[in-house]
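One structure is given here, and the rest of the page talks about it.
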Amino acid sequence: MLYITILGVTLIAAFFASWYLMHAARSKERMLLLEKGYDPAQLPGHELPALPALKGIRIAWKKIGILLIFVALGLVTASILHEISGGFDPSFGFGILFLFAGFGFYFAGKIKDTDGNSEKSN
C-alpha cells in the first residue's frame, strides 16, 4: 500500500514538474520575443493554440470553488462529530456532507458573475 502511495505522489509530482517547466520555458521565450519587438502571435509556430471544442463554454470557477469549500466544511464537520461522538452510522456522515454540499449549491447560485449578470433570469 505504501508503494502505491509513493508511486501516486511521484506521478503527480512528475506531471506538475513537466507542466511547470514547459510553462516557464514558453513564457520566457515569449518574453524574449516581446523584448526584441516581435509579436509572438504573428510568428510561425508561436500561435496560441485554439481550443474549438471549448469555445463559448464558460466555467464559473468561483461557483465551483464555493461548492468545494462547503463540501470540505462538511467533511471537517462530519469528522469532528465522529471524533466527539466516538463513532456513528456512516449514513449520518454522508448526510452532513450532502447537507453542506446543498448549502454550497445554494450560495453558489446566489453569486453574480463578474460582469454583473446572473445566470438566473429572475
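At-a-glance table
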item: So residue 53, is it surrounded by 10 or more Cβ atoms within 10 Å (Cβ to Cβ), under 30 Å from residue 104 (Cβ atoms) and modelled with pLDDT under 65; result: no
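One line per residue, one yes/no per condition, for (1) part of a helix (DSSP H, G or I); (2) at pLDDT below 75; (3) in contact with a strand residue (DSSP E or B) (Cβ under 8 Å, 6 or more places away or on another chain):
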position: 31; (1), (2), (3): yes, no, no
position: 39; (1), (2), (3): no, no, no
position: 44; (1), (2), (3): no, yes, no
position: 48; (1), (2), (3): no, yes, no
position: 84; (1), (2), (3): yes, no, no
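The values are calculated or read from the model by the stated rules, or taken from the named source; none is laboratory data. If you're wondering where the values come from, they're calculated on a predicted model, not measured in any experiment. All Cβ positions, even for glycine, are placed from backbone atoms using ideal geometry, and neighbour counts span all protein chains on display.
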